[in-house]
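Undergrad: One structure, as structure tokens, below. Some questions next.
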Amino acid sequence: MGMENSISIDGSQLWSDLMETARFGATARGGLHRLALGADDLKVREWFASTCRALGCEVIHDSMGNQFARRPGTQPDLKPIMIGSHLDTQPTGGRFDGILGVLGGIAVLRALENGKVQTRHPIEVVNWTNEEGARFTPPMLASGVFAGVFTEDYARSRPDRDDITLGEALTQGRQAGAQPCGQHPAAAYFELHIEQGPVLEAEEKTIGVVQGIQGMRWYEVRVMGRDSHAGTTPMTMRADAMWAAARMIDAVHGVAMSHKDGLGTVGIVDCQPASSNVIPGNVMFTVDLRNPSDTVLEAMEQDFRARIAALAEDCGVEAIVSPVWNSAAVHFDPTCVACVREAAEEERYSMRDIVSGAGHDAAYMAQVVPTAMVFVPCLNGISHNEAESAEPVDATAGANVLLHAVLLADTRIDAA
Ligand SMILES: [Zn+2]
């Protein structure tokens, strides 16, 4: 074990991989435009396969185009420990979201190879198809099929804006393999990702030990009052849907602030009839509530519904709250999370526990296999943006934690 613990990531090679692959889909402003299964995604997929093969790995595709690069272990009966993320980006995306997780996985393979380390489990790096959901909605589509959240027929039928389906894009790009998606074995799954938020940077921490992914609930609120003349209707005789909505939107903020770790956002407001001198009769707004705990999230919903009802009555309007979408909180596997924490301790990085605010392939993987994530800081917490940026030293640290977490998991996990 002494030898294995002393190996580390070649940070300059990892950084040069990040910069080299950033040519595929590079934008003028230093970001990336690399939509799933588009021409540039096909190029980076080819790069992924040839780079992994050069490291001695076997590379296969499953029926959803997910790419798996496998480095054999000493016990062929053990399922592989998997490392992964995605190489597709938003239309004006950055150079790190997803990419660091895949190239960090390749950096792990390289460190094992250079250190001549033999693991018990095979170690695999996976590139998930269409994580972003930018070309084919919804996001995390292929890891969702892998985990049984979506059927493959549904995923393959999803169209892009030109009415090309995901299934057609897989065929045209020759990305669909023979193995049915979801049948690929895995003993554990680790994903390295930039935080996509400002917390690690603000607290000057290098590593986020990700505990899980917070629960999310979306609603639409319809407020119904009465259209009337802005000049002739006394203030006491109005049913002003906009005034009511304004107080309700303030209440959404209040709900979030009065529950531990609560988040509340109103992102869309639509007002009818939208004329300067008409008191609005109808307002619709969206609400996004989030919390790491489903129990607290449920309490937030009750609080939110009670406040909306009370304000509707107080303002003399009607309000209907309709749930639109929800996603339960994800709690990562304690053994895998411990591997991440101990790896960060071994490598003497500053760290804190953190809950992911965004969705990741790991959210679906956690439903079918022991899973954990590693976060590293990104500049100003900016992501899904061409200005997305991370420091080489942090990228290296994240990959080092990935490497040592996988080595710890190799000794602790025995799923055959
Ligand atoms: Zn991502």
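The values are calculated or read from the model by the stated rules, or taken from the named source; none is laboratory data. The model shown is predicted, which means the values in this text are computed figures rather than measured ones. Here the Cβ positions follow ideal geometry from the backbone for every residue, glycine too, while neighbour counts run over all protein chains shown. Ligands, DNA and RNA are stripped out before the accessible areas are found, and what is left, the full protein with its side chains, is counted by its heavy atoms. Shrake-Rupley method; radii C 1.70, N 1.55, O 1.52, S 1.80 Å.
Undergrad: On the phi > 0 side of the Ramachandran plot, under 19 Å from the mean Cα position of the chain (by Cα) and either not in a strand (DSSP E or B) or not aliphatic (A, V, I, L, M) (or both): is that true of LEU100 in this structure? Give the derivation first.
TA: On the way: on the phi > 0 side of the Ramachandran plot: no; under 19 Å from the mean Cα position of the chain (by Cα): yes; either not in a strand (DSSP E or B) or not aliphatic (A, V, I, L, M) (or both): yes.
It is false that LEU100 is on the phi > 0 side of the Ramachandran plot, under 19 Å from the mean Cα position of the chain (by Cα) and either not in a strand (DSSP E or B) or not aliphatic (A, V, I, L, M) (or both).
Undergrad: Additional query: With small (Gly, Ala, Ser), out of contact with any strand residue (DSSP E or B) (no Cβ under 9 Å at 6 or more places or on another chain) and not assigned by the TED database to the domain that holds ARG341 as the only criterion, which of GLY231, GLY254 stands out?
TA: One residue alone meets the criteria, GLY231.
Undergrad: If you go through region 244-266, how many residues are open to solvent by less than 30 Å² (accessible area, probe 1.4 Å) and part of a helix (DSSP H, G or I)? So that I can check it myself, show each step before the final result.
TA: First, pick out the residues of region 244-266 that are open to solvent by less than 30 Å² (accessible area, probe 1.4 Å): 244-245, 248, 251-252, 254-256, 262, 264.
Checking the rest, the ones that are also part of a helix (DSSP H, G or I) come to 244-245, 248, 251-252, 254-256.
Matching residues across region 244-266 total 8.
Undergrad: If LEU100 satisfies every condition in (1) more than 16 Å from the ligand (Cβ to nearest atom); (2) out of contact with any Pro (no Cβ under 6 Å at 6 or more places or on another chain); (3) in the same structural domain as GLN179 (by the TED database); (4) under 30 Å from ASP414 (Cβ atoms) but one, which is the exception?
TA: Exception for LEU100: condition (1).
Undergrad: Then there is this: State the number of residues belonging to region 320-343 that are open to solvent by 70 Å² or more (accessible area, probe 1.4 Å), modelled with pLDDT under 95 and not hydrophobic (A, V, I, L, M, F, W, C).
TA: 1
Undergrad: Show the residue pairs meeting these rules: Cβ distance below 7 Å; 6+ apart or different chains; first residue within region 345-370 and over 24 Å from LEU289 (Cβ atoms); second residue of a type in the set (Ser, Thr, Tyr) and part of a loop (DSSP other than H, G, I, E, B).
TA: Partner pairs satisfying both residue conditions: TYR349/THR206; SER350/THR206; MET351/THR206.
Undergrad: Among the residues of region 205-226, are any in a loop (DSSP other than H, G, I, E, B) and among the aromatic types (Phe, Trp, Tyr)?
TA: No; the residues of region 205-226 include none that is in a loop (DSSP other than H, G, I, E, B) and among the aromatic types (Phe, Trp, Tyr).
Undergrad: Consider only pairs whose beta carbons are under 6 Å apart and that are at least six residues apart or on different chains; among these, list those whose first residue lies in region 78-89 and is of a type in the set (S, T, N, Q) and whose second residue is within 14 Å of the ligand (Cβ to nearest atom).
TA: Between residues of region 78-89 that are of a type in the set (S, T, N, Q) and residues that are within 14 Å of the ligand (Cβ to nearest atom), the close pairs are SER85/GLY98; SER85/GLY101; SER85/VAL102; SER85/GLU191; THR89/LEU32; THR89/ARG34.
Undergrad: On to the next question. Collect the residues in region 383-416 that are in contact (Cβ under 8 Å) with a residue 24 or more places away in the chain, in a loop (DSSP other than H, G, I, E, B) and farther than 18 Å from TYR189 by Cβ, keeping them in residue-number order.
TA: SER383, HIS384, ASN385, GLU386, ALA387, GLU388, SER389, ALA390
Undergrad: Would you be able to tell me the number of residues in region 180-198 that are more than 16 Å from the ligand (Cβ to nearest atom) and either in contact with a Leu (Cβ under 7 Å, 6 or more places away or on another chain) or open to solvent by less than 50 Å² (accessible area, probe 1.4 Å) (or both)? Don't jump to the end; show me each part of the working.
TA: So in region 180-198, the residues more than 16 Å from the ligand (Cβ to nearest atom) come out as 180-188, 198.
Imposing the further condition that a residue be either in contact with a Leu (Cβ under 7 Å, 6 or more places away or on another chain) or open to solvent by less than 50 Å² (accessible area, probe 1.4 Å) (or both) reduces the set to 181-182, 184, 186-188.
The number of residues fulfilling the criteria is 6.
Undergrad: May I ask you to verify whether GLY2 is at pLDDT below 95 and either of a type in the set (Val, Ile, Thr) or over 22 Å from ALA395 (Cα atoms) (or both)?
TA: Yes: the conditions hold for GLY2.
Undergrad: Within region 103-135, can you find the residues that are under 25 Å from the mean Cα position of the chain (by Cα), assigned to a loop (DSSP other than H, G, I, E, B) and not hydroxyl-bearing (Ser, Thr, Tyr)? I'd like the intermediate steps shown before the answer.
TA: Residues of region 103-135 that are under 25 Å from the mean Cα position of the chain (by Cα), as a first pass: 103-109, 123-135.
Narrowing further to those that are assigned to a loop (DSSP other than H, G, I, E, B): 128-135.
If the condition is that a residue be under 25 Å from the mean Cα position of the chain (by Cα), assigned to a loop (DSSP other than H, G, I, E, B) and not hydroxyl-bearing (Ser, Thr, Tyr), then TRP128, ASN130, GLU131, GLU132, GLY133, ALA134, ARG135 are the ones that fit.
Undergrad: Continuing with the same structure: I'd like the residue in region 68-95 that is part of a loop (DSSP other than H, G, I, E, B), under 29 Å from ASN385 (Cβ atoms) and touching a helix residue (DSSP H, G or I) at 6+ places or on another chain (Cβ under 9 Å) and, out of all such residues, is most open to solvent (accessible area, probe 1.4 Å).
TA: ARG95
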